[in-house]
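Reading through the structure tokens given below for one structure.
The values are calculated or read from the model by the stated rules, or taken from the named source; none is laboratory data. All values reported here derive from a predicted model rather than from experimental measurement. All Cβ positions, glycine included, derive from the backbone under ideal geometry; neighbour counts span all protein chains shown. Just so you know, the surface numbers come from the protein's heavy atoms only, side chains and all, with ligands and any DNA or RNA stripped out. Shrake-Rupley method; radii C 1.70, N 1.55, O 1.52, S 1.80 Å.
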Amino acid sequence: MTMTRRVTLLSAAALAATTSNNVALGFAPAPSIKTLKNQHGTSYSARTSSFMSSDSAADTTALATNPSKLTPEGYGFSSSIGRILDSRGGLGYYKARDTDSVIDVMEGINSNDADHNLDAALVFDESDVLMGIFTDSDYILLATKRSVMAESEEESASFMASPISNFMTPADKLICVDEKNTASQAVAIMTTNNVRHTVLVDKCGDNFTYLEDSAVKGVISMQDVLKVIQSDERLSFDKLSQKFPGLKPMEQMREEIKSQANALANNEETAKKDVIRAVTAILSTGSVALFASQNAWVGSHSELVMIGIFVLGYIGIIFEEVFEFNKAAVALLMSTGLWVTYADFYGGSSGLASETVLDQLKDQLAEVSDICFFLLAASAIVEVVDAHQGFKVVTNQIKTKSKKGLFWVIGFLTFFLSAILNNLTVTIVMVSLLRKLIPNDDDRRLFGAMVVVAANAGGVWTPIGDVTTTMLWINHNLSTIPTVTELFLPSMACLVGSLFFLVNQVEEDSEVEESTLPPPSPLAPRGQVVFWAGIACLLSVPVFSELTGLPPYLAMLTGLGAMWTLTDIIHMGEEDEELKVPAALSKLDTSGILFFLGILMSIGVLDKSGLLKDLAIFLNDNLPSQDIIATVIGIASALIDNVPLVAATMGMYDLADYGTDDKLWQLIALCAGTGGSILVIGSASGVALMGLEKVDFLWYAKKVSVGAAVGYFAGIATYLAQNAILSGSLLGGIGVTP
């Protein structure tokens, strides 16, 4: 192959690697740095890829014979580290003792017959404990130091006779990979850490560090990795040239895109997506045509149409992962469809929105905006505190080495944190902490599930802890003092009941003692200022609202403004913007806020139309008490998002009939907040755990659901008993609706 053709082919490969076409072409894509961040919690700024000539002896049988992929999975950039080590032959290092001289180690590296092309030595002590590594970079540092310090040939020779341990890179500075890593990840890890060698071990620490109990499998160099990648990609391009002879490289790739399209279409997953797309297109086209034609059937069956839109939208939200439609988009479309039906067809409408409907729309948007702005400001404040490592104030207090003791400590810590922060943020923070405390995956999942239960329970008893309680508070269904005083004990009962059940699954061992959590360290003064300022802003919201009579979202926006000003003053003149409020705002879950907007606007139009009132009448006629209604709503929140459930309940029951802090509203806050813990998909915290720790639905149902249900009913029983005592009659604890 001529040099010109090789350069052209490599340019085409680079183009393909930067587009989504690499999957369609059949190239095994090089995982992005986002992948590394998800697996190891470390961020990198760029992915490095490189090609160079090689006579690698890698096993390429599958690569050469696979007719459907140019570079199959497990080859090229996705090659495993184990395959790379096998392709180079041997272990990739010379084994030296820490007492060996530099000259002896260098001679061993250069004359080792059992393992060719060695350029590194691993240094062990007499107990065979890894002490460090010696590479060409270490020799360069040695030579530089020798040229500066040695004043005679004797002194220069003394450097070479010194123990290798004086000049090696110590084990705690090693950069490691494990067998889960791929070629592209290894390149990124070595490039980011500015090293040319990485040690292959059975397990890595945080930031790819070496652990004392890690077992060494070999040493991989940058050259070893690039040899395998280049060899695999070169064979891929040879296959492409044979498949489409006579065409230029870019034309060959275009033809490959076309040929792969039909192969992808035969995939079952693709066929499912095609069916979903087709059904969606038909429903969308039919709906638009139906509304645009001002069909009389829609006008005469407007209630049925609105119910149908709501049900279809809700199905799209519940089965978001199946349909692959973002639930925020579904919620926004659902709200638009409902408002159009209500404005143009409901109640004998003339086809255009009346002034009454426009006024109702404005009122509903104003009400929903309160919640959205509140969540936006609260999330930004928490993000700023987290960026300044403010939560070290809390995590520094964790000192127990007992797993069962730690289970209780984390549970109570999460419970109280989620009362002043939102439970989703607390879940993310605590799971990140558990990754350092609990190395074992199964144990960490159980601890993570406990965090979900504790976060949901803790968010119930304060107006700012859980979005559903916040909704009820902002709508004046609940007020601050009664919510805290009357829901604290039931929430605590829910937590304790669940923990008593779940802690029996925890087995004591030495895992906590071997955790990678660093020793407690003082928080920088700036971090302390930001932490306490953020907590003060969050806690002052209900006080501000009570004293001024203004809506809570204004207090939260005021707190955000104060934090914004504070961080601007602290970081004045600094170029780094990561610790300021604009950076925090860019990290917020905007789609989640838009989801709340769509859901609450949808529930609002159902309320305005009177459909929710009809549902309330039905429940009152068919269920014997308000307590049972609230309990059913809580159980339903395990399957259905509790935001629309609570929003629907707020529309079903009038504040004129059930005043502020009525038993009904308090029970709904308790049940909707804690009932979502029964299933992993029932709360935002549970969904976050699914993503962070790969917890699946069935595992959670088997290990956690019963314990969460025990806590759920314990909380309800405690509330009813407490209410009966406070009302002066135990028999009045469970009242039958007249």
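Starting from the stretch 635-663, keep only residues that are at pLDDT 75 or above and surrounded by fewer than 16 Cβ atoms within 10 Å (Cβ to Cβ), then list their pairs with residues that are basic (K, R) and assigned to a helix (DSSP H, G or I) whose Cβ atoms are within a distance under 9 Å, requiring at least 6 positions of separation or different chains.
Listed pairs, sorted by first residue: D654/K613.
Could you tell me whether S540 is among the hydroxyl-bearing types (S, T, Y), in a helix (DSSP H, G or I) and in contact with a Pro (Cβ under 6 Å, 6 or more places away or on another chain)?
Details: among the hydroxyl-bearing types (S, T, Y): yes; in a helix (DSSP H, G or I): yes; in contact with a Pro (Cβ under 6 Å, 6 or more places away or on another chain): no.
Answer is no for this residue.
Anything in the stretch 584-619 that is polar (S, T, N, Q) and in contact with a helix residue (DSSP H, G or I) (Cβ under 8 Å, 6 or more places away or on another chain)? List them, or say none.
Just the residues of the stretch 584-619 that are polar (S, T, N, Q), to begin with: 586, 590-591, 602, 609.
Within the stretch 584-619, S591, S602, S609 qualify.
Determine, yes or no, whether G92 is on the phi > 0 side of the Ramachandran plot, in contact with a strand residue (DSSP E or B) (Cβ under 9 Å, 6 or more places away or on another chain) and at pLDDT below 75. Full working, then the answer.
On the way: on the phi > 0 side of the Ramachandran plot: yes; in contact with a strand residue (DSSP E or B) (Cβ under 9 Å, 6 or more places away or on another chain): yes; at pLDDT below 75: no.
Taking the combined requirement at face value, the residue does not satisfy it.
Quick one: would you say S231 is assigned to a loop (DSSP other than H, G, I, E, B), of a type in the set (S, T, N, Q), open to solvent by less than 60 Å² (accessible area, probe 1.4 Å) and in contact with an Asp or Glu (Cβ under 9 Å, 6 or more places away or on another chain)?
Working: assigned to a loop (DSSP other than H, G, I, E, B): no; of a type in the set (S, T, N, Q): yes; open to solvent by less than 60 Å² (accessible area, probe 1.4 Å): yes; in contact with an Asp or Glu (Cβ under 9 Å, 6 or more places away or on another chain): yes.
So S231 fails the test.
The rows are residues; the columns are (1) at pLDDT below 80; (2) hydroxyl-bearing (S, T, Y); (3) in contact with a Leu (Cβ under 6 Å, 6 or more places away or on another chain).
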residue	(1), (2), (3)
L358	no, no, no
K362	no, no, no
I371	yes, no, no
L376	no, no, no
V385	no, no, no
K392	yes, no, yes
N396	yes, no, no
K399	yes, no, no
S402	yes, yes, no
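(1) part of a helix (DSSP H, G or I); (2) open to solvent by 40 Å² or more (accessible area, probe 1.4 Å); (3) at pLDDT below 70; (4) not aromatic (F, W, Y): which one isn't true of Q294, the others all being true?
Evaluating Q294 over (1) part of a helix (DSSP H, G or I); (2) open to solvent by 40 Å² or more (accessible area, probe 1.4 Å); (3) at pLDDT below 70; (4) not aromatic (F, W, Y) leaves (1) as the failure.
Just to verify a result, which residue in the stretch 515-549, among those that are hydroxyl-bearing (S, T, Y) and modelled with pLDDT of 80 or more, is surrounded by the fewest Cβ atoms within 10 Å (Cβ to Cβ)? Let's see the steps before the verdict.
Step one: list which residues in the stretch 515-549 are hydroxyl-bearing (S, T, Y), which gives 515-516, 521, 540, 545, 548.
The next check asks that each one be modelled with pLDDT of 80 or more; those that pass are 540, 548.
Working: S540: 16, T548: 10.
Within the stretch 515-549, the match that is surrounded by the fewest Cβ atoms within 10 Å (Cβ to Cβ) is T548.
For residues that are among the small types (G, A, S) and exposed (fewer than 10 other Cβ atoms within 10 Å of the Cβ), scanning just the stretch 125-168, find the one that is farthest from T99 (Cα to Cα). Break it down stepwise before answering.
Initial filter on the stretch 125-168 (among the small types (G, A, S)): 127, 132, 137, 143, 147, 150, 152, 156-158, 161-162, 165.
Next cut, exposed (fewer than 10 other Cβ atoms within 10 Å of the Cβ) only: 127, 152.
Working: S127: 12, S152: 24 Å.
That would be S152.
Return the residues of the stretch 144-167 that are among the aliphatic types (A, V, I, L, M) and in contact with a Ser or Thr (Cβ under 6 Å, 6 or more places away or on another chain); say none if nothing qualifies.
Looking only at the stretch 144-167, we keep the residues that are among the aliphatic types (A, V, I, L, M), and these are 148-150, 157, 160-161, 164.
Matches in the stretch 144-167: A150, A161.
Considering the stretch 717-738 alone, what residues qualify as being in contact with a helix residue (DSSP H, G or I) (Cβ under 7 Å, 6 or more places away or on another chain) and modelled with pLDDT of 85 or more?
Of everything in the stretch 717-738, those that are in contact with a helix residue (DSSP H, G or I) (Cβ under 7 Å, 6 or more places away or on another chain) and modelled with pLDDT of 85 or more turn out to be T718, Y719, L720, A721, Q722, N723, A724.
Do you know which residues across the stretch 84-96 are open to solvent by 40 Å² or more (accessible area, probe 1.4 Å) and not small (G, A, S)? Step through it out loud before you land on a result.
Within the stretch 84-96, the subset open to solvent by 40 Å² or more (accessible area, probe 1.4 Å) is 86, 90-91, 94-95.
Matches in the stretch 84-96: D86, L91, Y94, K95.
Name the residue, out of D576, D589, D621, D607, that is under 23 Å from the mean Cα position of the chain (by Cα), open to solvent by 10 Å² or more (accessible area, probe 1.4 Å) and modelled with pLDDT under 80. Spell out how you get there, then give the answer.
On the way: D576 fails: under 23 Å from the mean Cα position of the chain (by Cα); D621 fails: under 23 Å from the mean Cα position of the chain (by Cα); D607 fails: under 23 Å from the mean Cα position of the chain (by Cα).
On inspection, the qualifying residue turns out to be D589.
Any residue at all in the stretch 462-479 that's open to solvent by less than 10 Å² (accessible area, probe 1.4 Å), of a type in the set (G, A, S) and under 27 Å from N723 (Cα atoms)?
Scanning the stretch 462-479 turns up at least one residue that is open to solvent by less than 10 Å² (accessible area, probe 1.4 Å), of a type in the set (G, A, S) and under 27 Å from N723 (Cα atoms).
List pairs: first in the stretch 542-571 and closer than 17 Å to G527 by Cα, second open to solvent by 60 Å² or more (accessible area, probe 1.4 Å) and part of a helix (DSSP H, G or I), Cβ under 6 Å, 6+ apart or cross-chain?
What qualifies is I570/R526.
Scan the stretch 201-217 and report the pairs whose first residue is farther than 15 Å from I81 by Cα and whose second residue is of a type in the set (S, T, Y) and open to solvent by 40 Å² or more (accessible area, probe 1.4 Å), with Cβ atoms within less than 7 Å and a gap of 6+ or a chain change.
Correct list of pairs: G205/T516; D206/T516.
Going through the stretch 669-683 one residue at a time, which ones are surrounded by 24 or more Cβ atoms within 10 Å (Cβ to Cβ) and touching a Gly at 6+ places or on another chain (Cβ under 8 Å)?
First, pick out the residues of the stretch 669-683 that are surrounded by 24 or more Cβ atoms within 10 Å (Cβ to Cβ): 669-678, 680, 682-683.
The answer is L670, C671, A672, G673, T674, G675, G676, S677, V680, G682, S683.
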